[in-house]
Amino acid sequence: MKFNIIKNDLLKGLQQVGSLLVKNQSFPILENILIKIKENILSLTATNLETEIITTIPINYVYQTGSIVVSGKKLLNICRNLPNQSMIQMEKKNNKINIISNNSFFSLITIPSKHFPNLCQFEYKKEFYVSQFILRKMILATQFSMANQDIRYYLNGMLFDIKEKNFRTVTTDGYRMAVYNTPIDFSTYSCSIIIPRKSILELVRLLHNCESLLHILIGKNNIRINIENITFTSKLISGVFPNYNTILLHHPIKIIGVKISTLKKSLLRVAILSNQNIHGIHLYLHNGKLEISAKNQEEEEAKEIIDLIYFANVDFRININVNYILDVLNTLTGENVYFLMQKNTSKIQLEEDQISSVSYIIMPLHI
């Protein structure tokens with residue numbers, strides 16, 4: 001195997017797969033990347049056994065086909081420290097690969113490519129297309145509610161739910177829930193899959209804020225997404241995701257509306273004296289104003305009263321984890337947020353606008 005490539009082109013590809021390269025004492029080959037040349041395409045592959053990323057780079061210079069496995073971190077660090085736009089020559093010699101650029105020479109040990117694990121062989125049952133912009137927006141709006149290492153393994157990921165010409169991303173950790181809905185007109189089938197948390201965090205890193213279409217292929221145990229020159233593959237979580245329709249409020253009433261910037265600043269100040277174990281605060285609607293208060297283990301107290309842009313003539317009191325509200329406010333991009341409740345329920349639903357494609361449910365704290 002032999003090829004020449006511009007440093008910046010190789011570095012970009014290595015950075016796209018590099019986040020999967022983590023130290024793994026039980027399976028050290030995962031610290032490596034698979035380099036393959038076929039025809040005039042260079043492909044770089046990294047995997048953590050749950051997620052696989054393949055990026056392809058056209059080769060416009062002299063090359064010889066072949067494949068090797070080499071330390072990803074070492075190659076990335078070498079490439080990162082070479083001069084911009086410099087030409088890199090890589091050639092396999094016996095069980096090593098030589099890297100030459102200007103006056104620099106490196107020789108790295110290699111592993112036969114047959115030993116590299118891959119997720120590339122899978123058959124898809126369903127497929128659809130969605131723009132990068134839409135999917136990125138849906139993930140960013142809901143990812144913070146994913147559970148992390150929960151014993152209920154099906155919560156440690158994001159639900160992709162396609163039903164009745166609607167595409168939804170849903171996450172919950174049992175204490176809060178986020179649902180983003182976007183209408184689609186290119187599919188009539190139903191599909192529900194759960195993508196692991198780590199894979200979602202990798203996926204959103206690869207997506208760009210553009211309208212180019214993603215080709216999404218869904219198999220029995222895997223999902224594959226083609227993103228321009230990148231092929232992203234992830235295993236799926238087997239299990240039944242909670243029925244989010246039973247958690248959403250179906251006939252809620254708006255309790256309060258408030259400017260996001262005003263509420264966020266007040267919450268941050270009051271949270272300073274909240275209980276550091278449960279981060280609880282108390283919200284109380286009184287005389288057309290919202291009172292926010294907190295008390296900690298040392299009996300220290302904080303209280304703020306803020307003006308509202310809208311309020312209902314109802315009794316509204318709730319104890320809630322301040323971080324859960326702040327997570328929502330940090331995600332919203334508009335000016336105002338509305339709190340909604342339903343009769344005979346104590347949970348609240350947050351929405352950015354009066355008609356919104358994204359809804360957030362937060363369960364109350366019992367203090």
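The values are calculated or read from the model by the stated rules, or taken from the named source; none is laboratory data. All values reported here derive from a predicted model rather than from experimental measurement. FYI the Cβ positions are ideal-geometry reconstructions off the backbone, even for glycines, and counts take in every protein chain you see.
Can you work out which of the residues in region 310-337 that are of a type in the set (A, V, I, L, M, F, W, C) and more than 33 Å from the chain's Cα centre (by Cα) is nearest to LEU273 (Cα to Cα)?
Checked region 310-337; the qualifying residue nearest to LEU273 (Cα to Cα) is PHE316.
What strands (runs of 3 or more DSSP E) completely inside region 292-367 contain at least 2 residues that are of a type outside the set (Ser, Thr, Tyr) and within 16 Å of LEU267 (Cβ to Cβ)?
The strands (runs of 3 or more DSSP E) meeting that bar are 301-307, 317-321, 336-341, 348-351.
Take region 58-76 and flag every residue that is within 15 Å of ILE33 (Cα to Cα) and either touching a helix residue (DSSP H, G or I) at 6+ places or on another chain (Cβ under 9 Å) or free of Cβ contacts under 8 Å to residues at least 12 places away in the same chain (or both).
Of everything in region 58-76, those that are within 15 Å of ILE33 (Cα to Cα) and either touching a helix residue (DSSP H, G or I) at 6+ places or on another chain (Cβ under 9 Å) or free of Cβ contacts under 8 Å to residues at least 12 places away in the same chain (or both) turn out to be GLY66, SER67, ILE68, VAL69, SER71, GLY72, LYS73, LEU75, LEU76.
Given the criterion of a type in the set (A, V, I, L, M, F, W, C), surrounded by fewer than 18 Cβ atoms within 10 Å (Cβ to Cβ), out of contact with any Pro (no Cβ under 8 Å at 6 or more places or on another chain) and at pLDDT 90 or above, identify the matching residue among ILE325, ILE306.
Checking each option against the conditions leaves just ILE306.
Search region 279-291 for residues that are assigned by TED's automatic domain parsing to the domain that holds ASP315 and within 12 Å of GLU304 (Cα to Cα) and pair each with any residue that is surrounded by fewer than 19 Cβ atoms within 10 Å (Cβ to Cβ) and among the acidic types (Asp, Glu) when their beta-carbon atoms are under 7 Å apart and the residues are at least 6 apart or on different chains.
So the pair list comes out as TYR284/GLU291; LYS289/ASP307.
Any chance you could count how many residues in region 75-134 are among the charged types (D, E, K, R) and either closer than 30 Å to ARG168 by Cα or crowded, with 17+ Cβ neighbours inside 10 Å (or both)?
Qualifying residue count for the region: 5.
Search region 151-175 for residues being more than 17 Å from the chain's Cα centre (by Cα) and charged (D, E, K, R), and hand back the single one that is farthest from GLU351 (Cα to Cα).
Result: ARG152.
Cβ-Cβ distance below 9 Å, separation of 6 or more or different chains: which pairs start in region 313-331 with a residue that is assigned by TED's automatic domain parsing to the domain that holds VAL270 and end on one that is among the polar types (S, T, N, Q) and surrounded by fewer than 17 Cβ atoms within 10 Å (Cβ to Cβ)?
ILE318/SER346; LEU329/SER261
Condition check: part of a loop (DSSP other than H, G, I, E, B), more than 20 Å from ILE37 (Cβ to Cβ) and either in contact (Cβ under 8 Å) with a residue 40 or more places away in the chain or not assigned by TED's automatic domain parsing to the domain that holds ILE29 (or both). Does PHE128 satisfy that?
no
Could you list, in sequence order, the residues of region 2-52 that are under 22 Å from ASN95 (Cβ atoms) and loosely packed, with under 14 Cβ neighbours inside 10 Å?
Within region 2-52, ASN24, PHE27, PRO28, ILE29, LYS38 qualify.
If I filter region 176-197 down to residues being farther than 26 Å from GLY13 by Cβ and buried (at least 21 other Cβ atoms within 10 Å of the Cβ), which single residue comes out as farthest from the chain's Cα centre (by Cα)?
The residue in question is ARG176.
Residues in region 104-112: is at least one under 22 Å from THR51 (Cα atoms), over 13 Å from the mean Cα position of the chain (by Cα), at pLDDT below 95 and not hydrophobic (A, V, I, L, M, F, W, C)?
Checking region 104-112: at least one residue is under 22 Å from THR51 (Cα atoms), over 13 Å from the mean Cα position of the chain (by Cα), at pLDDT below 95 and not hydrophobic (A, V, I, L, M, F, W, C).
Of ILE260, ILE200, ILE230, ILE253, which residue is under 20 Å from LEU159 (Cα atoms) and either of a type in the set (Val, Ile, Thr) or more than 20 Å from the chain's Cα centre (by Cα) (or both)?
Exactly one residue qualifies, and that residue is ILE200.
May I ask you to list the residues in region 206-218 that are out of contact with any Phe, Trp or Tyr (no Cβ under 7 Å at 6 or more places or on another chain), surrounded by fewer than 20 Cβ atoms within 10 Å (Cβ to Cβ) and modelled with pLDDT of 95 or more?
none
Taking THR45 as the residue in question, decide whether it is part of a strand (DSSP E or B), closer than 30 Å to ILE200 by Cα and of a type in the set (S, T, N, Q).
So THR45 fits the description; yes.
Can you tell me which residue among SER238, SER261 is farther than 18 Å from ALA178 by Cβ, surrounded by fewer than 16 Cβ atoms within 10 Å (Cβ to Cβ) and assigned by TED's automatic domain parsing to the domain that holds PHE167?
It is SER238.
Based on this model, can you work out whether ASN32 counts as closer than 15 Å to LYS114 by Cα and in the same structural domain as ILE111 (by TED's automatic domain parsing)?
The answer is yes for ASN32.
Is at least one residue of region 22-38 aliphatic (A, V, I, L, M) and part of a helix (DSSP H, G or I)?
yes
Suppose the filter is touching a strand residue (DSSP E or B) at 6+ places or on another chain (Cβ under 6 Å) and modelled with pLDDT of 95 or more; does LEU119 pass it?
no
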